[in-house]
Amino acid sequence: MSRWIAAGLATVPAVVWTGAAKAQVPFPRLEVGISAAEGPGDVALTLQIVALLTVLSLAPAILVMLTSFTRIVVVLSFVRSALALQQTPPNQVIIGLALFLTFFTMAPTWQAAFEDGLRPYLAGEITEEETLQRVSGPLRDFMLRNTREQDLGLFVELAGNGAPAAPDDVPTYVLIPAFIVSELRTAFQLGFVLFVPFLVIDMVVASALMSMGMLMLPPVMISLPFKVLLFVMVDGWHLITRSLLMSFQ
């Protein structure tokens, strides 16, 4: 029986190939190679393709660092730690929720970048350099609104370019690290506020167990149901999502 099955499986490719040959179905051929450029236009096109591939490879880092994703995912991680839940919600759920909240938060910025820069470029009305400048404008405005002056001043001072006369004069390579540091600071502030009520519950449960002489019983096992109950009663996910979204306005 096994020999018959093996023989039948071996004949399947031959039958498929024969049927395709009779039907005269063309099979595509893929060719990848490097040839000499016939003119400056070919070199420019090659450099554009290389630049596009570089941007695509950096897309995850751009999504994580230049948007609201950092603050949201750090706060959601703090929520799980404050509840003392190791893998609930799982990492996939936290990352997915953070991504969709990021899309919701950044939608006006991306829409403005598309209308001001990408749409005129696709219509052939502006050049590539002007497109890049218009597309980066709304993103820079978003980062400037959510960057602390202290962090921005630190990187301006370290860059040694002097104080900028206007926000538009701040270089992008100076604005990006200042924005990231500001986002981390804001996320840790929100995380500390989230920890306080759950810390109080842990202290109350630990004090009650000590007063009853139950020293060998881990307080976390007793406080965990109370923390989850409190989180559900106050509609914690709604409050956290509302606070996160309001913090960007």
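Just a few scattered comments:
- Segment 130-184 shape via C-alpha gyration tensor axes, a/c threshold 1.5: oblate
- Global form of segment 97-207, assessed from the alpha-carbon gyration tensor, a/c cut-off 1.5: oblate
- Inter-label distance for residue 165 and residue 119, nm, one decimal - labels placed 7 Å from Cα along Cα-to-Cβ: 3.3 nm
- Shape category assigned to segment 153-234 from the gyration tensor of Cα positions, a/c cut at 1.5: prolate
- Approximate spin-label separation residue 133-residue 54, in nm, with each point projected 7 Å along Cα-to-Cβ: 2.1 nm
- Placing +1 on each Lys and Arg Cβ and -1 on each Asp and Glu Cβ, with no other charges, gives segment 162-249 a dipole about its Cα centre of roughly 300 debye.
- Spatial separation of Cα centroids for segment 186-223 and segment 51-107, in angstrom: 28 Å
Since every read-out is calculated from the coordinates, none of them should be taken as a lab result. The structure presented is a predicted model; accordingly, all values stated were derived computationally and were not measured. A quick note on method: Cβ atoms are made from the backbone with ideal geometry, for glycine too, and the neighbour counts reach across all protein chains shown.
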